[in-house]
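> Please read through the structure below; I'll follow up with questions.
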Amino acid sequence: MRIFDKFKSRRFILGLVIVVVLVGVGGAVINNQRSGGQATEQAAKKIAKYHCPMHPTYTSDRPGDCPICGMKLVLIEDEDDESMAEMPSIEGLATIKLSDAKRQLIGVRTVEAVTIPLTKVIRTVGIIEPDETRLAEVNMKIDGWIEDLYVDYTGQLVKKGQPLLSIYSQELLATQEEYLLALRAQKRLTKSPFPEVSKNSSALVKRARQRLELWDIPDAEIRSIEKSGKPRKTLVLRAPVTGFVMHRSATEGMYVKAGQELYKIADLSRVWVQADIYEYELGLVKVGQRAKLTVASYPDKAWYGKAAYVYPYLESQSRTAKVRFEFDNPSLKLKPNMYVNVELAILLGEQLAVPEEAVMDSGKRQIVFVDNGDGYYEPREVKVGHKVDGKVAVTYGLFEGERVVVNGNFMIDSESRLKAALRGMSDQTEETGGQDHSGHGM
């Protein structure tokens with residue numbers, strides 16, 4: 001009995017030892033499985049991902065070629081996600097970090113945003129026209145025949161008062177005779193004892209003279225008729241202004257009617273220029289602004305004038321508006337229908353500006369990438385103003401002294417979009433409980 005008790009106690013102790021060993025082994029196995037799973041998950045997180053430089057939304061966990069364009073996939077560099085999460089970003093873009101080697105590879109270059117005086121120069125072309133306020137038409141107010149023609153070709157320069165032609169008119173001749181008779185009657189009746197007779201004679205002289213004046217007979221011609229006491233067969237028609245003959249229809253021996261145009265004379269000492277201004281520049285053009293004119297015929301000379309009138313309509317096809325400029329032309333070198341170049345220098349004042357290539361314009365928004373130092377590049381939405389000589393004014397979203405990317409920003413934009421897309425995919429995965437796109441558990 002004692003021997004059996006001893007044997008039973010030995011079996012109990014042996015079983016207890018086996019149980020302890022099994023429990024230890026099982027715990028070790030479970031710990032190994034847990035640690036192995038965690039290591040596998042961490043390794044999965046550290047698996048290198050690749051993307052296509054031309055199609056950054058395509059990614060892969062192994063190197064190879066892009067199935068879209070065939071370009072070799074590029075390794076996505078590891079980034080400090082915790083520090084990046086604190087960086088500001090905008091919709092569709094994220095702040096990224098680039099190594100020194102990658103910045104050198106893509107040629108990143110930055111410049112500082114500075115406040116400078118901006119002057120917008122609007123350049124356009126125009127055509128010279130005569131000043132419409134200095135045009136004169138010469139026509140007759142009576143019927144008659146042209147006997148002598150003194151100005152007989154278009155383009156001739158005439159002076160004010162210069163004879164243009166002589167005309168014979170029966171009506172004009174009769175009016176001269178009537179005027180001379182009235183003058184002689186006035187002399188005889190001046191000493192009349194009847195005041196009414198003297199007054200009536202003076203009225204006849206006045207009416208006859210007024211008729212000659214209304215026919216544009218110069219005072220000098222009327223006084224000459226009074227002095228000679230004889231009517232003239234023909235009277236001379238003189239130029240009303242100094243200028244060039246732009247149009248001539250008068251010919252010697254021609255019968256003319258009242259109101260018929262014989263000459264058109266233009267004073268070209270001041271000319272107009274009709275120039276086209278694009279619709280987007282029209283808001284900068286104001287009446288009275290100083291303008292500069294140059295012409296290919298005289299490359300070393302410039303004329304200065306002003307904007308005189310902005311026409312109230314646009315050309316539907318060219319989307320331009322006509323602006324009229326006035327220029328003095330004392331040397332008469334500027335000729336009608338001549339093509340000229342016109343410049344308007346418009347002072348915009350001091351504004352914050354960056355190079356045009358720093359701004360990426362998608363049509364809906366304008367983006368710049370700000371260099372935050374240590375390889376970090378932040379996308380920033382800005383509002384821009386006028387573009388002047390390769391620079392663009394920034395009215396919102398940027399501060400003086402900040403540095404913006406001017407070279408390599410397209411590559412940085414691709415990296416930023418890729419980073420934002422991957423971050424969005426990661427957030428979506430976390431929201432769905434750690435499931436991948438195939439629906440299997442992580």
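We did not get these values from a lab; they are worked out from the coordinates using the rules stated. Note that this is a predicted model, so its numbers are computed, not measured. When we count neighbours, we look across all protein chains shown, and the Cβ atoms used for this are built from the backbone with ideal geometry, even at glycine.
> Can you check what the net charge comes to around VAL368, using other residues whose Cβ is under 12 Å from the Cβ of VAL368 (Lys, Arg +1; Asp, Glu -1)?
Taking every Cβ under 12 Å from that of VAL368, the sum is -4.
> Given the pairs LYS160/LYS333; LYS306/LYS333; LYS72/LYS364; LYS97/LYS364, which span a C-alpha to C-alpha distance of over 30 angstrom in this model?
LYS72/LYS364
> What residue among ALA296, LEU237, HIS247 has its Cα farthest toward the positive end of the dipole of segment 221-324, where the charges are +1 on Lys, Arg and -1 on Asp, Glu, each on the Cβ?
Working it through, the farthest residue towards the positive pole turns out to be LEU237.
> Ranked highest first by average number of other Cβ atoms within 10 Å, how do 265-271, 341-347 line up?
265-271, 341-347
> I want the local charge near ALA258. Using Cβ-Cβ distances under 14 Å, sum +1 for each Lys or Arg and -1 for each Asp or Glu among the other residues.
-2
> Relative contact order (percent) for segment 140-265, with alpha-carbon contacts under 8 angstrom and 6 or more residues of separation?
Worked out over segment 140-265, it gives 47 percent.
> Considering only the other residues whose Cβ falls under 10 Å of the Cβ of GLY126, what net charge follows from Lys and Arg at +1 and Asp and Glu at -1?
Here the count lands on 0.
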